[in-house]
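A.B. asks: This is the structure I have questions about; it appears just below.
The values are calculated or read from the model by the stated rules, or taken from the named source; none is laboratory data. Bear in mind the structure is a predicted one, so any value in this text is a computation, not a measurement. A quick note on method: Cβ atoms are made from the backbone with ideal geometry, for glycine too, and the neighbour counts reach across all protein chains shown. Please note that ligands, DNA and RNA were not included when accessible areas were found on the heavy atoms of the full protein model with its side chains. Shrake-Rupley method; radii C 1.70, N 1.55, O 1.52, S 1.80 Å.
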Amino acid sequence: MSYPNAPADPSDAGAPGPGRPLSIVVVSVLLLLEALATLGAAVWYATSLVADGPVSLGGRIFMLVLIIAASIWQANVAFQVFRGHAWTRAAAIVWQVFQVIFAVSFLGAGGWALALGIALLVPAAAIIILTFDPRATAFFGDREPRA
């Protein structure tokens with residue numbers, strides 16, 4: 001079964017257009033922006049590696065590697081969503097659920113913490129909603145992954 005708006009030319013499968021729903025493009029872009037934000041957090045965290053704290057230097061380096069790995073994983077999920085791999089829905093939703101949990105912890109505070117909570121909550125909610133868009137579901141379920 002093929003997606004009703006699939007491009008006739010397979011060479012066009014990688015381009016956004018009639019064969020790729022707008023919800024898929026938006027989800028991919030939002031996931032990629034989250035990956036870049038996570039990479040930015042890793043850079044910020046790297047600047048504090050030599051500061052004194054309760055965690056040893058080895059623990060801080062491990063945490064930095066973990067943040068970088070999460071950023072790479074999120075970027076990979078963004079690219080695979082764009083290509084149409086169905087497994088990416090689960091990966092994206094799990095990340096977003098954790099992001100919502102993290103965001104809610106900031107919503108009770110004021111000032112910059114409230115702004116951070118909203119900045120984390122809005123894209124997570126958009127990704128969760130758009131991932132279950134009927135066109136996105138059909139895109140994931142009816143065709144082979146795209147190039």
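A.B. asks: Does Ile67 fit the bill of being within 28 Å of Phe132 (Cα to Cα) and outside any loop (DSSP other than H, G, I, E, B)?
C.D. replies: So Ile67 passes the test.
A.B. asks: Which of the residues belonging to the range 119-139 are more than 27 Å from Val104 (Cα to Cα) and of a type in the set (S, T, N, Q)?
C.D. replies: Thr137
A.B. asks: Could you go through the range 134-142 and let me know if any residue there is aliphatic (A, V, I, L, M), part of a helix (DSSP H, G or I) and under 29 Å from Ile24 (Cα atoms). Working first, answer last.
C.D. replies: Narrowing the range 134-142 to residues aliphatic (A, V, I, L, M): 136, 138.
When the remaining residues are screened for being part of a helix (DSSP H, G or I), the result is 136, 138.
Then drop every residue that is not under 29 Å from Ile24 (Cα atoms), which leaves 136, 138.
The answer is yes; a qualifying residue exists.
A.B. asks: If you scan the range 104-121, which residues turn out to be part of a helix (DSSP H, G or I) and open to solvent by less than 70 Å² (accessible area, probe 1.4 Å)?
C.D. replies: Phe106, Leu107, Ala113, Leu114, Ala115, Leu116, Gly117, Ala119, Leu120, Leu121
A.B. asks: A further question on this structure: Show the residue pairs meeting these rules: Cβ distance below 6 Å; 6+ apart or different chains; first residue within the range 126-141 and of a type outside the set (Gly, Ala, Ser); second residue open to solvent by 50 Å² or more (accessible area, probe 1.4 Å) and part of a helix (DSSP H, G or I).
C.D. replies: If the second residue must be open to solvent by 50 Å² or more (accessible area, probe 1.4 Å) and part of a helix (DSSP H, G or I), the pairs left are Leu130/Val26; Thr131/Arg89.
A.B. asks: In addition: Of everything in the range 58-68, what is open to solvent by less than 50 Å² (accessible area, probe 1.4 Å) and modelled with pLDDT of 95 or more? Give them in sequence order.
C.D. replies: Leu64, Ile67
A.B. asks: Among (1) in a loop (DSSP other than H, G, I, E, B); (2) within 22 Å of Ala69 (Cα to Cα), where does Ile101 come up short?
C.D. replies: (1)
A.B. asks: Can you find, within the range 70-103, the residue that is surrounded by the most Cβ atoms within 10 Å (Cβ to Cβ) among those that are farther than 19 Å from Thr131 by Cα and at pLDDT below 95?
C.D. replies: By that ranking, first place goes to Ala103.
A.B. asks: Thr47 - would you say it is of a type in the set (Val, Ile, Thr) and modelled with pLDDT of 95 or more?
C.D. replies: No, not satisfied.
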